[in-house]
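Structure first, then comments.
The values are calculated or read from the model by the stated rules, or taken from the named source; none is laboratory data. Only a predicted model underlies this, so the values are computations on that prediction, with no experimental measurement involved. Here the Cβ positions follow ideal geometry from the backbone for every residue, glycine too, while neighbour counts run over all protein chains shown.
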Amino acid sequence: MEHLSFEFDGGVHAPKSGKAYAVAGVVASSNLEVLAQPQELGGRVRFEVDTTAAHFQDAWRAVITDFIERRQPRDVLFSINDFAAIPPVVSLRLDQAWEGLE
Amino acid sequence: MKQTPRISFYEASARQRVAGLLDPGSFREILPPTEKRTSPHLGLFDAPVSFDDGVVIGEGTLEGKPVAIFAQEGKFRGGSLGEVHAAKITGLILRAAARKPQAVLGLLDSGGVRLEEANAGEIGSTEIMRAIFEARRVGVPVIGLLGGSCGCFGGASIIAGCCDALVASEEARLSVSGPEVIETVMGVEAFDSRDRALVWRTTGGKNRFLFGKVATLVDDHIPAFRTAASALVRPSTPLRLDSLRTERDALVRRIATFGTCTDAKQIWEKMGLPADRVSDMTAAELTAAKPA
Amino acid sequence: MSSPDKVARRTEKLARVAKAFGPGKVIPAARTVEFLELILSPGDRLVHEGDNQKQGDFLAEKLAQMDPKKVHGLKLALSCIGLPEHLDLFENGIAEVVDFAYAGPQGGRLAELVGNGTVKIGAVHTYVELIARYFAELRPDVACLVAVDADAEGNLYTGSNTEETPALAEAAAFGGGIVVVQANTLTDNLRRIDIPGEWVDFVIESPKPFHLEPLFTKDPALIDETRILMAMMTMKAIYQKYLPKVLNHGVGFNTAAIELLLPTYGEELGLKGKACTHWALNPHPTMIPAIESGFVEAIACIGGEVGMEDYVASKPDIFPLGHDGSLRSNRFYGQMAGHYADMFVGATLQIDPFGNSSTVTADRLAGFGGAPNFGAENRSRRHLSEAYLRAGAEAHQGEFMPQGRKLVVQMVETFQSANTPTFVERLEAWEAMKTAGFAIPPVMIYGDDVSHVVTEEGVANLLLCRTIEEREQAVRGVAGFTPVGLKRDRTMVANLRDRGIIQRAEDLGIRKSDVSRDRLAARSIHDLVRWSGGLYNPPSRFRNW
């Protein structure tokens with residue numbers, strides 16, 4: 001298992017559903033669970049990733065950067081349990097979790 | 001033949017099942033994923049954890065009736081009973097025994113005890129059983145709902161056996177030993193675990209229903225599960241010596257009648273059912289055809 | 001070997017057989033090897049029937065048992081190298097050269113045998129191309145064919161999976177060749193005559209029915225959300241925009257997802273009656289819900305599908321049925337129907353930044369099958385349709401001569417597996433070219449034939465690209481997190497997106513949380529059986545009841 005932490009400047013959208021959290025996905029082979037929680041982060045977004053596939057830091061950074069660019073979230077903590085999902089699946093789950101809070 | 005879309009129980013995640021079964025907006029989760037009560041054991045095996053350890057627990061209402069509910073996530077490590085997972089279920093049922101909602105709904109979707117935490121899981125399973133008997137002793141019925149992708153095997157199947165009543169779909173599978181285990185122990189000639197039709201007609205919901213193990217057979221549709229579970233909500237009949245004797249006598253009669261059958265189809269034939277058609281019948285058709 | 005004495009050699013062979021076996025067309029199965037050694041001469045061109053579904057397995061087994069001292073140097077030609085015996089012919093020294101279209105299951109071993117010189121490849125073809133050559137320079141000396149039933153006169157019932165039999169029989173029977181048929185059953189009462197007896201020289205009742213692969217059965221349970229997302233984007237960006245009426249789908253799960261979304265999402269998009277009415281397609285079980293929902297007017301079948309017989313027979317207006325009530329498929333005509341269609345949607349294993357694609361990899365010579373015919377811009381089309389004109393208007397905007405355009409859609413996930421990206425800077429076909437000694441790489445669909453590339457990341461409309469650089473960035477712009485995708489020029493991709501050349505799910509109004517298996521009209525094989533009213537009878541490996 002590898003733990004990765006990322007923090008980035010967020011975009012223009014704060015979560016507005018009022019929900020305490022949203023979950024997308026299940027921790028199963030080639031899949032992952034994304035837990036999104038609104039959190040006061042001064043406009044930033046944080047990602048805490050636990051993954052079974054080590055040495056993919058660059059791929060995670062690329063997927064997350066793309067996600068932030070497209071969806072522009074701010075003040076959200078994303079906690080992730082990953083079971084070797086490929087990048088497009090990670091991207092889909094991030095979008096789904098974010099849409100649960102939007 | 002145009003089909004009206006079903007809301008599949010088999011397909012749904014544990015969270016989707018809970019949301020679909022209970023009255024909208026009524027569910028209050030206990031130990032939600034934000035609490036992050038994850039398994040203390042899986043990390044030692046370099047295995048990923050889940051924020052709810054593969055089980056959703058909480059309270060809500062079912063057609064207005066207050067109920068406690070737990071739902072196993074079959075897709076996370078086969079819905080396996082780990083230490084935290086089992087403790088969440090035990091705690092929920094004991095809380096129900098104290099607070100007396102009208103029922104506990106148990107959505108079982110599990111291959112049994114989690115290999116990586118076998119000792120804790122075994123103990124946890126027996127604690128769940130004891131909690132069920134405690135709830136039943138005080139009159140709170142425990143209703144098992146079966147129809148997930150993982151089936152209900154090992155420790156989970158014994159938990160199912162402790163319930164007041166079971167609701168199942170054709171897609172459900174209920175057996176102490178899983179197909180692969182039987183094949184490994186008895187040989188492929190005795191049971192070919194890759195013969196899907198054989199696995200389902202032996203362990204599947206329809207056969208369990210015809211045997212009387214399952215009280216209500218439903219189609220794979222969450223609203224059908226809801227209606228069936230709600231109809232079964234009535235005060236639990238506590239287990240007593242005489243009720244156990246009655247059940248044992250029924251089992252003795254069953255062995256006497258069907259003990260020589262080598263395939264479920266022979267059993268169905270003996271029951272007077274059109275054995276080749278059973279697999280194609282809907283839940284309603286089979287319920288109507290079932291001998292009294 | 002189309003030497004001028006071909007007819008004389010045929011006469012001589014037939015006399016040899018008559019001497020050994022007596023008069024009549026029926027050869028006893030037990031003496032098949034002896035028989036084959038009489039009708040095949042060294043250096044003959046042997047056409048063996050077998051494709052991605054049906055296999056002349058009995059004759060293949062017997063051909064491989066021939067004595068290489070008697071029969072050698074054969075030039076084998078066949079649609080699909082589908083059986084181990086086909087390659088045994090080379091290892092046993094019986095055959096030398098092979099011309100083929102597809103080698104799915106034997107692709108790995110074929111690559112190995114070509115690498116060590118055991119097999120020489122004449123050419124890798126498309127199905128139609130290979131059949132066409134049987135009438136030109138690849139005329140068969142002997143054709144070994146497959147039938148369901150035969151009578152003693154040689155009349156054949158070839159049934160649901162007729163496919164290539166008529167074309168192969170005609171090429172041999174009218175080209176001085178000998179036609180030999182393995183039939184499941186010899187009978188006096190054929191339910192229908194698909195091939196007249198005078199085209200057929202010999203029939204052999206095979207001890208067991210020929211193998212039939214349920215290749216077009218895709219279990220809806222295996223369609224994941226990624227595929228549903230891609231299917232929804234394709235339907236919104238392409239089906240709804242161009243309204244293709246006549247189309248062909250490949251055999252993969254991506255197109256199966258579209259088929260299962262037609263009655264739900266397709267209905268929401270207003271496609272019913274306006275698009276997807278006529279198909280060149282085998283009887284895909286995943287088409288049942290669309291048929292039952294009234295989307296489909298007719299399907300031209302290239303082949304049949306195991307388990308679909310009763311369902312197909314219940315739809316005489318949609319499927320090509322004989323007067324006996326059973327399906328008759330025809331690969332040549334089906335391919336032609338797809339060739340002249342408005343749209344092809346398929347998948348591939350590799351795509352390069354210019355949109356060239358191939359299923360050939362360094363260690364697998366899989367071949368192409370029918371995809372290059374279905375999936376090619378058709379410069380010989382003259383009839384017009386809404387879709388053809390709309391696509392043409394985009395592709396030829398501003399040109400002097402207005403033209404139509406076929407839609408050729410490649411629908412691929414960016415990764416085949418965690419470490420195998422679909423998008424690559426250079427196709428492995430270049431390596432295969434060296435290994436197999438080809439003059440140019442074996443490309444399945446050329447980039448300039450492709451109109452759209454769809455991935456999880458979005459839809460790239462290549463018709464609107466005006467330069468090769470734009471086309472390259474449009475492909476990179478949907479190549480996701482593959483190395484090809486990461487090398488995109490971000491400014492150019494943003495510009496392509498502004499111009500609608502690249503569309504993301506959000507540009508198409510598709511929310512990721514709406515992407516769900518709940519949208520599929522059927523989520524299991526069992527659901528398909530229900531849709532069929534119990535008429536679809538899936539093979540047991542697809543059952544869980």
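Criterion first (outside any strand (DSSP E or B) and touching a Leu at 6+ places or on another chain (Cβ under 9 Å)) does B:S193 satisfy it? Against the criterion (outside any strand (DSSP E or B) and touching a Leu at 6+ places or on another chain (Cβ under 9 Å)), B:S193 does not qualify.
Let's see how each residue does on (1) outside any loop (DSSP other than H, G, I, E, B); (2) of a type in the set (G, A, S); (3) more than 21 Å from B:T4 (Cα to Cα):
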residue: C:I510; (1), (2), (3): no, no, yes
residue: C:A522; (1), (2), (3): no, yes, no
residue: C:V529; (1), (2), (3): yes, no, no
residue: C:G534; (1), (2), (3): no, yes, no
residue: C:R541; (1), (2), (3): yes, no, yes
residue: C:W545; (1), (2), (3): no, no, no
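Restrict the check to the stretch C:505-520 and report whether at least one residue is in contact with a helix residue (DSSP H, G or I) (Cβ under 7 Å, 6 or more places away or on another chain), away from chain A (no Cβ under 14 Å) and under 23 Å from C:A237 (Cα atoms). Yes, the stretch C:505-520 contains a residue that is in contact with a helix residue (DSSP H, G or I) (Cβ under 7 Å, 6 or more places away or on another chain), away from chain A (no Cβ under 14 Å) and under 23 Å from C:A237 (Cα atoms). Considering only the stretch B:1-22, state which residues are more than 16 Å from C:R523 (Cα to Cα), more than 8 Å from every other protein chain (Cβ to nearest Cβ) and either among the β-branched types (V, I, T) or assigned to a helix (DSSP H, G or I) (or both). Hits for the stretch B:1-22 are B:A14, B:Q16, B:R17, B:V18, B:A19, B:G20, B:L21. Could you please let me know if C:G117 is small (G, A, S) and assigned to a loop (DSSP other than H, G, I, E, B)? So C:G117 passes the test. Looking at the stretch C:161-186, which of its residues are in a loop (DSSP other than H, G, I, E, B) and under 19 Å from C:V148 (Cβ atoms)? Across the stretch C:161-186, the qualifying residues are C:N161, C:T162, C:E163, C:E164.
A:D58 meets the conditions (1) free of Cβ contacts under 8 Å to residues at least 12 places away in the same chain; (2) away from every other protein chain (no Cβ under 13 Å); (3) not hydrophobic (A, V, I, L, M, F, W, C) in every case but one. The failed one is (2).
Just one residue in the set C:R45, C:R109 is closer than 27 Å to C:I440 by Cβ and touching a residue at least 60 places away in the same chain (Cβ under 8 Å); that residue is C:R45. If you go through the stretch C:295-311, how many residues are over 17 Å from C:T217 (Cα atoms) and touching a helix residue (DSSP H, G or I) at 6+ places or on another chain (Cβ under 9 Å)? Here the count works out to 3. If the condition is being crowded, with 17+ Cβ neighbours inside 10 Å and small (G, A, S), then the stretch C:323-365 contributes C:S326, C:S329, C:G334, C:A337, C:G338, C:A341, C:G346, C:A347, C:G355, C:S357, C:S358.
All told, B:L174 meets the bar of being in contact with a strand residue (DSSP E or B) (Cβ under 7 Å, 6 or more places away or on another chain), assigned to a strand (DSSP E or B) and either more than 17 Å from B:Q102 (Cα to Cα) or among the hydroxyl-bearing types (S, T, Y) (or both).
The helices (runs of 4 or more DSSP H) located wholly in the stretch C:268-348 that include 1 or more residues which are under 24 Å from C:V408 (Cβ atoms) occupy C:288-292, C:331-339.
Answer yes or no: is there a residue in the stretch A:40-53 that is within 14 Å of chain B (Cβ to nearest Cβ) and charged (D, E, K, R). The answer is yes, given that some residue of the stretch A:40-53 is within 14 Å of chain B (Cβ to nearest Cβ) and charged (D, E, K, R).
Taking residues in the stretch B:209-231 that are at positive phi, and partners anywhere that are assigned to a helix (DSSP H, G or I) and modelled with pLDDT under 95, the pairs with Cβ atoms closer than 9 Å and at least 6 places apart or on different chains are B:G212/B:A250; B:G212/B:R254. Taking the numbered list (1) under 13 Å from the mean Cα position of the chain (by Cα); (2) closer than 19 Å to C:G485 by Cα; (3) within 9 Å of another protein chain (Cβ to nearest Cβ) in turn, A:I64 passes all entries but (3).
Looking for something closer than 17 Å to B:L115 by Cβ and at pLDDT 95 or above - is there at least one such residue anywhere in the stretch B:64-72? So far as the stretch B:64-72 goes, yes, one or more of its residues are closer than 17 Å to B:L115 by Cβ and at pLDDT 95 or above.
The lone criterion from (1) closer than 24 Å to C:P442 by Cα; (2) touching a strand residue (DSSP E or B) at 6+ places or on another chain (Cβ under 9 Å) left unmet by C:N378 is number (2). Against the list (1) away from chain C (no Cβ under 11 Å); (2) touching a helix residue (DSSP H, G or I) at 6+ places or on another chain (Cβ under 7 Å), the condition A:S91 fails is (1).
Restricting attention to the stretch C:499-508, the residues being in a helix (DSSP H, G or I) and at pLDDT 95 or above number 2. Here the condition is being surrounded by fewer than 17 Cβ atoms within 10 Å (Cβ to Cβ), on the phi > 0 side of the Ramachandran plot and not β-branched (V, I, T); of A:Q72, A:Q57, it holds for A:Q72 alone. Of the residues screened, B:A68 is one that is more than 14 Å from chain A (Cβ to nearest Cβ), in contact (Cβ under 8 Å) with a residue 24 or more places away in the chain and crowded, with 24+ Cβ neighbours inside 10 Å. Scoring B:D52 on the criteria (1) out of contact with any helix residue (DSSP H, G or I) (no Cβ under 9 Å at 6 or more places or on another chain); (2) farther than 18 Å from B:T227 by Cβ leaves a single failure, condition (1). For the stretch B:109-124, the set of residues classified as within 15 Å of B:F153 (Cβ to Cβ) and out of contact with any Ser or Thr (no Cβ under 8 Å at 6 or more places or on another chain) consists of B:A118, B:E122, listed by residue number. Every condition in (1) more than 30 Å from B:G204 (Cβ to Cβ); (2) among the hydroxyl-bearing types (S, T, Y); (3) within 13 Å of another protein chain (Cβ to nearest Cβ) holds for C:Y536 except the one numbered (1). Among residues of the stretch C:107-149 being under 16 Å from the mean Cα position of the chain (by Cα) and more than 19 Å from C:G334 (Cβ to Cβ), the one that is surrounded by the fewest Cβ atoms within 10 Å (Cβ to Cβ) is C:G107.
Yes/no matrix, rows are residues, columns are (1) hydrophobic (A, V, I, L, M, F, W, C); (2) more than 25 Å from the chain's Cα centre (by Cα); (3) surrounded by fewer than 18 Cβ atoms within 10 Å (Cβ to Cβ); (4) not in a helix (DSSP H, G or I):
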site: C:R9; (1), (2), (3), (4): no, yes, yes, no
site: C:E12; (1), (2), (3), (4): no, yes, yes, no
site: C:L78; (1), (2), (3), (4): yes, no, no, yes
site: C:L87; (1), (2), (3), (4): yes, no, no, no
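Consider the stretch A:75-87 and keep the residues that are modelled with pLDDT of 95 or more and surrounded by fewer than 21 Cβ atoms within 10 Å (Cβ to Cβ). The one that is nearest to the other protein chains (Cβ to nearest Cβ) is A:L77. The single residue among B:G60, B:G25 that is surrounded by fewer than 24 Cβ atoms within 10 Å (Cβ to Cβ), away from chain C (no Cβ under 14 Å) and assigned to a loop (DSSP other than H, G, I, E, B) turns out to be B:G25.
Only a single criterion out of (1) within 14 Å of chain C (Cβ to nearest Cβ); (2) at pLDDT below 95; (3) part of a helix (DSSP H, G or I) is not satisfied by B:G43, namely (1).
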